[in-house]
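Below: the structure, in structure tokens.
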Amino acid sequence: MVSIKDLSTLKDEDLILPPDVDAATLKSAFKELSRIVGSENIDILTKEHMMPDEEGHYFNLPREHDLFYVLEKDTFLASAVVSPKNTEEVSAIVKLANKVLLPLWPISRGRNLGYGGAAPRLRGSVVLDMGKQMNRVLEVDGESATCLLEPGVSYFDLYDHLQNNGYKHLWIDNPDLGGGSVVGNALDRGAGYTPYGEHFSMHCGMEVVLPTGEVTRTGMGALPGNNTWQAFQYGYGPYPDGIFTQSNFGIVTKMGFWLMPDPGGYQSYLFSFPKDSDLPAIVEIVRVLRLRMIIQNAPTIRNTLIDAAVLGPKSKYTSKTGVLSDEDIDKIAKEIGVGRWNVYGAMYGPKELRDIQWGAIKTAFLTIPGAIYTFPEDVEKGAEAKVIHMRADTLKGLPNTYELGWLNWTGPKGSLLGFSPISPTTGPDAIKQYNMVKRRFFEFGFDYIGTFVVGWRELHHIVCLTFDKTDPESRRKAHRCIELLIDDAAKEGYGEYRTHLCFMDQIASVYNWNGNSSLRFNETLKDSLDPNGILAPGKSGIWPKRLRGRGFEIQRTQKYEDSEGNNGVSTNSSGNVEGSRL
């Protein structure tokens, strides 16, 4: 990165120009931004000043491009990174951006692994780093079990704050990796694994800078002098909070959350199942137990290889470089002491309550032939923790980074591309999705690494495609594989709940009921709230009027055609688009 003090040394052609902004205007904007945030809080980017691959990792993420780039490294490249310290500076930056049509891309901590990291969707955007300085735990109410956070607060930060400031009776809920932003994860509708695992559902109140620079508060925060901003979610009138998730309609500068009081007891467990074909029966059992709230949290149904990958690279288990066979995976399962499918869950509450829950859970799962159960305290940790101990921490809301291990499945400093379709929680849907993904992964030479996370009524299928970003052919295969899977899934009625930057337009195109009415509605909101189109253009496939249809959308690599030569989009008798066909 280049200091603002050295701006004059850069040639105009070195700048990463966003659309409709010339070099002189961009340089002038950079100078004005430095006056707003201070010269030490703005860095200028060129292609030559991107972070070298060998320096980037989870604890040293590039803020200007995707750590795990799938296309070219500079496809999603920022023109600068700016770090405001408060809401007032964010508002001033947004007002300036409107004057010069400067696109902004807000991030919290930039750890959006597998989905684009900190990189902006539109090349030349200014990354607005909300996490560098805006990282305070603003309030904690120990009686109501609530908190108010800035975007830079990570799960580690929140946990440490509670432990060190007299709030040990409050638990947090964290996803698999604890270094991400609590606010950012909720805004991307991420999830964890305690009973408070639906993160956006557990938020309560926001402060938002709108695309014009105006500041607003949602819920009870709209009432001056209120005392329930973090206690009651809705306030009065329409409830706008949802439109600020996975969107480009505002910048959240403060966000409230409900915290989980210590439930008075905790016990995690593992059920292992010996056969790959056990998946449908497992899902059917989990659905019934989850709906009846016998299982209180979001359990995970993990395949052998995701557990193996956490513990070591592929080369630790085999000399094979191709896709592993069932026999290979059976051997690995035996070596690490897990099944072909493994349910990690937990019970919360006093022992008397847990004993009742356990009786029902154990009876249900042991109806599957060969099923066995294990408690973490019955497994010796040894020099390194086993996956059962890692999951025990995560399900208790103890932030960690254990799951980083599977990034290196294909080699050191591996890369990740996520694929996350949603389905009903049924056995037939689970096996259909599993076979669909395995078929494509086999076609492109990737091992299936995945887990099914059971929410209230839906099944999140979290698929981890690991590839070598330094190999153009590996990147091409990874991109094409997910591109095909998106349309495979849509054909069966499955849609992704979040995605990588390079697939946002494609996924927006398959959510196309009634002539793409959902996207048209979002575009109407965008044009009303952001008439100059400066905030996160292209986020979730939502482009402002100024940039819409000008070639910034990323099209599929090639058209999909069915056996009759149609273009892959079929309509029913009423003319509604039904989805892509392969």
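The values are calculated or read from the model by the stated rules, or taken from the named source; none is laboratory data. Keep in mind that what you see is a predicted model, and the values were worked out from it rather than measured. Cβ coordinates were reconstructed from backbone atoms using ideal geometry, including for glycine residues, and neighbour counts include every protein chain displayed. We work out accessible area using only protein heavy atoms, side chains counted, and drop any ligands, DNA or RNA first. Shrake-Rupley method; radii C 1.70, N 1.55, O 1.52, S 1.80 Å.
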Say we look at the range 149-170 and pick out the residues that are assigned to a helix (DSSP H, G or I) and of a type in the set (D, E, K, R); which of these is least open to solvent (accessible area, probe 1.4 Å)? D157
Name the residue that is nearest to P299 (Cα to Cα), counting only residues in the range 322-357 that are assigned to a helix (DSSP H, G or I) and in contact (Cβ under 8 Å) with a residue 60 or more places away in the chain. Q357
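If the requirement is being without any contact (Cβ under 8 Å) to a residue 12 or more places away in the chain, in contact with a Leu (Cβ under 7 Å, 6 or more places away or on another chain) and of a type outside the set (F, W, Y), which of these qualifies: A29, A80, A23?
Step by step, each of A29, A80, A23 is checked, and only A23 is without any contact (Cβ under 8 Å) to a residue 12 or more places away in the chain, in contact with a Leu (Cβ under 7 Å, 6 or more places away or on another chain) and of a type outside the set (F, W, Y).
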Of the residues I301, I295, I306, which is farther than 18 Å from I329 by Cβ and open to solvent by less than 10 Å² (accessible area, probe 1.4 Å)? I295
For the range 441-451, enumerate the residues that are open to solvent by 30 Å² or more (accessible area, probe 1.4 Å), over 22 Å from T470 (Cβ atoms) and either acidic (D, E) or touching a helix residue (DSSP H, G or I) at 6+ places or on another chain (Cβ under 9 Å) (or both). E443
For L501, all conditions in the list (1) open to solvent by 50 Å² or more (accessible area, probe 1.4 Å); (2) under 22 Å from the mean Cα position of the chain (by Cα); (3) at pLDDT 95 or above hold save one; what is the number of the exception? (1)
With the requirement that a residue be of a type in the set (D, E, K, R) and open to solvent by 20 Å² or more (accessible area, probe 1.4 Å), what does the range 93-125 give you? K95, K99, R109, R111, R123
For the subset of the range 251-285 comprising residues that are within 12 Å of P369 (Cα to Cα) and outside any strand (DSSP E or B), which member is nearest to the chain's Cα centre (by Cα)? I282
Qualifying positions in the range 126-148 - surrounded by fewer than 18 Cβ atoms within 10 Å (Cβ to Cβ) and hydroxyl-bearing (S, T, Y): S144
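Going by what's in this entry, would R457 be described as touching a residue at least 60 places away in the same chain (Cβ under 8 Å), under 28 Å from P313 (Cα atoms) and touching a Ser or Thr at 6+ places or on another chain (Cβ under 9 Å)?
No: the conditions fail for R457.
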Would you call G124 at pLDDT 95 or above, touching a Leu at 6+ places or on another chain (Cβ under 6 Å) and small (G, A, S)? yes
Select from the range 13-28 the residues that are assigned to a loop (DSSP other than H, G, I, E, B) and out of contact with any strand residue (DSSP E or B) (no Cβ under 9 Å at 6 or more places or on another chain) and write down the one among them that is nearest to I93 (Cα to Cα). V21
Test set (1) out of contact with any helix residue (DSSP H, G or I) (no Cβ under 8 Å at 6 or more places or on another chain); (2) more than 19 Å from F444 (Cα to Cα); (3) surrounded by fewer than 23 Cβ atoms within 10 Å (Cβ to Cβ); (4) touching a residue at least 24 places away in the same chain (Cβ under 8 Å) - D527 fails condition number: (4)
Could you list all residues from the range 329-342 that are open to solvent by 30 Å² or more (accessible area, probe 1.4 Å) and closer than 24 Å to F444 by Cβ? D330, K331
Pick out, from the range 358-435, the strands (runs of 3 or more DSSP E) lying fully within it that include 1 or more residues that are of a type in the set (V, I, T) and at pLDDT 95 or above. 372-374, 421-424
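In the range 110-148, which residue that is assigned to a loop (DSSP other than H, G, I, E, B) and hydrophobic (A, V, I, L, M, F, W, C) is farthest from E553 (Cα to Cα)? Walk me through how you get there before you give the answer.
Narrowing the range 110-148 to residues assigned to a loop (DSSP other than H, G, I, E, B): 110-125, 130-136, 142-145.
Now restrict to residues that are hydrophobic (A, V, I, L, M, F, W, C): 113, 118-119, 122, 130, 134, 145.
Numbers: L113: 22, A118: 19, A119: 16, L122: 9, M130: 26, M134: 32, A145: 43 Å.
Out of the qualifying residues, it is A145.
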How about the range 29-56: which of its residues are under 13 Å from L96 (Cβ atoms) and assigned to a helix (DSSP H, G or I)? A29, F30, K31, E32, L33, S34, R35, I36, V37
Counting only residues in the range 215-234 that are in a loop (DSSP other than H, G, I, E, B) and more than 28 Å from the chain's Cα centre (by Cα), the one surrounded by the fewest Cβ atoms within 10 Å (Cβ to Cβ) is identified as G225
